[in-house]
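Chemist: Next up is a structure, given as structure tokens.
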Amino acid sequence: MSSIETLSVSSFMTRDVKTEKEDQNVLAACRIMHVNNIGSVIIAKKDDKNNIKPVGIITERDVVRLLGSLNPPSLQIPLRDIMSKPLINISINSSVKDAIQTMQQKNIRRLVISDGKRMVGIITGKDVFRSIMNNQDLIPSLLGDKLLVEHKTVYDQFGQYRFSDILKP
């Protein structure tokens, strides 16, 4: 049986991470989000060896907050000035549990996945939820033994009436 401790984030991360240069503006990031139907763009810069290095993230929330300021010239501000940083990442060998704990501790919704040398993917809270929905045998490890004992009746009913049944049109 799988558990959130053994399922690797690499099994459900997005590998085709969209990036933009830190000197581009908000409109460039918005275009990428729109064209790719995504909620964030990783901001990158070239290091001394001309390698691309992720340094921050721009999310839909960041854009909404900026637009809420009702200051149209702010759309021309370089992304490096408004991106969230430092960029939080975890290892490609990390588990779902590690991802959940990191997102919770840092109060964030997205994590960059790294192989130790470079960015190899990104995961979101939605990806974590989807991985649990697609591997419902993870639910006991997510809830913990104590909770299962205390709420066995509810869990048994849940097992009979899975999320997939609830989500049917």
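Chemist: At a 1.4 Å probe radius, carbon and sulfur cover how many percent of the accessible area of region 1-117?
Modeler: Percent of accessible area from carbon and sulfur atoms in region 1-117: 47.
Chemist: Accessible area per residue, 1.4 Å probe, Å², for region 1-116: what's the number?
Modeler: On the way: 7110 Å² over 116 residues.
For region 1-116, the per-residue accessible area is 61 Å².
Chemist: Please compare each pair in Lys49/Lys106; Lys85/Lys117; Lys45/Lys97; Lys21/Lys97; Lys46/Lys97; Lys18/Lys106 to a cut-off of 27 Å on the Cα-Cα distance and tell me which ones are over it. Before the final figure, lay out the partial values.
Modeler: Values: Lys49/Lys106 31 Å; Lys85/Lys117 19 Å; Lys45/Lys97 30 Å; Lys21/Lys97 31 Å; Lys46/Lys97 32 Å; Lys18/Lys106 22 Å.
Lys49/Lys106; Lys45/Lys97; Lys21/Lys97; Lys46/Lys97, as the Cα separations exceed 27 Å there.
Chemist: While we're on this one: With each label point set 7 Å from Cα along the Cα-Cβ vector, what nm distance links Arg31 and Gln104?
Modeler: 4.1
The values are calculated or read from the model by the stated rules, or taken from the named source; none is laboratory data. All of these numbers come straight from a predicted model, not from anything done at the bench. In this analysis, Cβ positions are derived from the backbone assuming ideal geometry, glycine residues included, and neighbour counts consider all displayed protein chains. SASA here: full protein model, heavy atoms, side chains in, ligands and nucleic acids out. Shrake-Rupley method; radii C 1.70, N 1.55, O 1.52, S 1.80 Å.
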